[in-house]
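Written out below as structure tokens is the structure these notes cover.
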Amino acid sequence: MSLSEKIFRNTAFRLLLMRENQVSALDHFSFLMKSQYWEKQQLLDFQWTCLKKLLVHAYNHTEYYKLIMNERGLTPDSLKSFDDLRKLPVLTREITHERKDQFIADKFEKSKLQKFSSGGTTGQRAELFRDKESFNIKSGASWRNESWMGRMPSDKMALIWPAAMDIDKSESFKTRFKYRKLMRAVVYNAGSLNEASLSYIQKDLLDFNPNFLKVFPTALYGFLEYIVANKLPLPKLKAVMATGEPLYEYQKIFFEETLQCPVYDMYGSREVGNTASECQNRDGMHIAMETSYVEFVDKNKPVEFGTEGEILVTDLTNYGFPLLRYAINDYGIPLDRSCSCGRGLMMMDNAVGRLMDFVYRADGSKILGHVLAISLTLEGPPVGQMQVVQNSFTNFIIRITDDPAPNQDTYDYITAEMKKLVAGDVTIDFEIVKQI
Ligand SMILES: [Zn+2]
């Protein structure tokens, strides 16, 4: 970090954070930069203390947790270990949607909590809340993750996002100044891939000149296809962080070849924020143990290390709207290894590796399984889970879960996409199943 950067961060940046009531994010960042090098046991002890404190709070101050713990004859004192947490039910998006007000802690005024929507491409979006201090801790945790790719809190970074919902559309002179000159971050919406918006983003990126990008892989992919096709210049980047959706190997290769810089994967969600991220070794992700407790389960039983399980996250920071054992509808793999970077934070992998199968065409060429998955699900009617089984070059069985129920539009869309991808006269037998 240069001296001018250091001065900037200690003056204008800090003042802006103070004005926005966010200055504690810098203290959380400093703490997290130290705690990441604690021994694993010290981190586990800290995590347990945070979890216990949250349990006591949730029981005493939210209607939902009081009810469900009483129903099960539990008190915070009766939960004595991480394993005991499994006595609490898994929390689904549907429950938070249906019983939203029961999660708001009585110490907080609903109007003062920050409101946001859950992610998810299918089903009901839930409205969730986060208290201010939790937001600041999550900012500090974000900065820590970004520091692993070399970005310090006030280094210039552009965010390439697919959705308009995260974007302050009215970029007045004041907001422009605040974000570009002070926060040093600009958000671009690359969700609509029309020429005018792509051209605007390219020109504005050259003007803003960031060293780092934080991106949704599909948004960056579409943008970079435009850049490559038109041979347009981009700023010289030091690193890219992918977030919000799985980062597939073919996307990573395309980004690194086009941008000539490393790409880091970060796992998080709108509901519980940053959960894990790759360090400079980029060989598995470190879990943010100080702010999240992550479980990997199969039917409520923890899976073995190295085995894929459903991810449940307990957000250790959100006292305004406690979320314990929240099912994000993602899968991950817990890893039992330490990293040569020296951080004591436990590690996980995302589960996209299992999608690396191929579908073969009659001419012997093959289509990567995840390319197929994206083509069949990115647009068109929403589907739950899907499995493609290849019987011959042109005959397939496609199993689809029944929630949301697929209809004729779903079948037509998938058939048309399969015909395009497999480049032949395919026949498909659809099977509707409860689960895959
Ligand atoms: Zn590491």
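Extending 7 Å from the Cα toward the beta-carbon at both Glu20 and Ile428 defines two label points whose distance is 4.4 nm.
Relative contact order for the stretch 3-351 using alpha-carbon pairs under 8 Å, separation at least 6, rounded to a whole percent? Let's see the in-between values first.
Details: 607 pairs, mean separation 68.1, N = 349.
Relative contact order comes out at 20 percent.
Would you mind telling me the antiparallel percentage of the DSSP bridges in the stretch 3-351, rounded to 5? So the antiparallel bridges in the stretch 3-351 amount to around 65 percent. A compact globular protein would have a Cα radius of gyration near 2.2 N^0.38 Å; the ratio found for the stretch 357-433 is 1.01.
Just want to confirm a number: the relative contact order over the stretch 357-433, from Cα pairs under 8 angstrom separated by 6+ residues, in percent.
Values: 109 pairs, mean separation 23.6, N = 77.
Reported as a whole number, the value is 31 percent.
Over every pair of different alpha-carbon atoms in the chain, take the mean of 1/r and invert it; report that Kirkwood radius in Å.
On the way: mean 1/r = 0.0426 Å⁻¹.
Kirkwood hydrodynamic radius for the chain: 23.5 Å.
At 0.36 nm per residue, minus the direct Cα-Cα distance, what do Phe82 and Ser111 gain on full extension? Give it in nm, one decimal, please.
Values: separation 29, 0.36 × 29 = 10.44 nm, distance 3.31 nm.
Separation in residues times 0.36 nm, less the Cα-Cα distance, equals 7.1 nm.
Would you calculate the separation in nanometres between label points at Tyr360 and Lys40, each defined as 7 Å from the Cα along the Cα-to-beta-carbon direction? So the two model labels end up 4.1 nm from each other. The listed peptides 13-25, 206-218, 58-70, ordered by packing as a protection proxy, come out as 206-218, 58-70, 13-25 (highest mean of other Cβ atoms within 10 Å first).
Its Cα gyration tensor gives the stretch 217-283 an equivalent ellipsoid. The semi-axes, each the square root of 5 times an eigenvalue, are 23, 14, 10 Å from largest down.
Evaluate the charge dipole of the stretch 176-256 about its Cα centre and quote only its size in Debye, nearest 20, assuming +1 on the Cβ of each Lys and Arg and -1 on the Cβ of each Asp and Glu.
In total the dipole reaches around 560 debye.
Could you tell me which of Val388, Ala423, Tyr326 has its Cα farthest along the dipole of the chain towards the positive end, charges placed at Cβ (Lys, Arg +1; Asp, Glu -1), taken about the Cα centre? Selected residue: Tyr326.
Do the sum for the chain: with -39,500 (n - 2.57) for every DSSP H run of n ≥ 4, divided by all residues, what is the mean residue ellipticity at 222 nm, to the nearest 500 deg cm²/dmol?
Details: 14 runs with 152 residues, N = 436.
-10500 deg cm²/dmol, from helical runs alone.
Full-extension gain between Ile397 and Asn60, please, as 0.36 nm times their residue separation minus the C-alpha to C-alpha distance. Intermediate results must be reported in sequence, preceding the final value.
On the way: separation 337, 0.36 × 337 = 121.32 nm, distance 5.13 nm.
That works out to 116.2 nm of additional length.
Read-outs: derived from the displayed coordinates by stated rules, not from any lab. In this text the structure is predicted, and so the values were computed from the model without any measurement. Neighbour counts are summed over all protein chains in view; Cβ atoms, including those assigned to glycine, are modelled from backbone coordinates with ideal geometry.
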